[in-house]
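The values are calculated or read from the model by the stated rules, or taken from the named source; none is laboratory data. Quick caveat: nothing in here was measured; it's all calculated off a predicted structure. Glycine gets a Cβ as well: all are built from the backbone with ideal geometry, and neighbour counts include every protein chain shown. Surface accessibility is based on the protein's heavy atoms, side chains included, excluding ligands, DNA and RNA. Shrake-Rupley method; radii C 1.70, N 1.55, O 1.52, S 1.80 Å.
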Amino acid sequence: MPPGWPADVRPPGTHDWERTATAWLFDLCPPDYRAYEVLRRHPVVLARVAHHHLQGAIAAARTGLSTARQDLSDVADVATVEAAVSMYEREGARLMALARSLALVEQALRGKRFIRRL
């Protein structure tokens, strides 16, 4: 599989690959999303919903990072503010990696084939 393919998702075409993709995608969404039948029955729709949810989280992390020093300077000491900034940086990187993985899974659900290069 290409770099960034989620470890919890079996490769496309293997037994149960869509089930593992669906489970992984649901893990990216709020728990209440599992109640929607359309998401359980249509993994491509779930992938789009997960994409939008993840993009919202990325935007929130970027906003938090850009405003943390100003927003927290009057309620926390410098070390705590810098720890919050560091957390936003790490979380932003984690979310961006998840977005890359999600894009690969969505492409596979839409029928893209990944070619193994030796």
_Residues satisfying the stated conditions in the range 1-58, i.e. of a type in the set (Val, Ile, Thr) and either in a loop (DSSP other than H, G, I, E, B) or touching a residue at least 12 places away in the same chain (Cβ under 8 Å) (or both)_ = VAL9, THR14, THR20, THR22, VAL44, VAL49, ILE58
*Please work out which residue is modelled with the lowest pLDDT, limiting yourself to the range 64-118 and to residues that are under 30 Å from ARG41 (Cα atoms) and more than 23 Å from the chain's Cα centre (by Cα).*
ARG116
*Name every residue in the range 67-116 that is open to solvent by 90 Å² or more (accessible area, probe 1.4 Å) and either closer than 28 Å to ALA50 by Cβ or of a type in the set (Gly, Ala, Ser) (or both), in order of residue number.*
GLU89, ARG90, ARG94, ARG100, ARG110, LYS112, ARG113, ILE115, ARG116
_Pairs, first more than 20 Å from ALA57 (Cβ to Cβ) in the range 67-88, second basic (Lys, Arg), C-beta under 9 Å, six or more apart_ = VAL81/ARG69; GLU82/ARG69
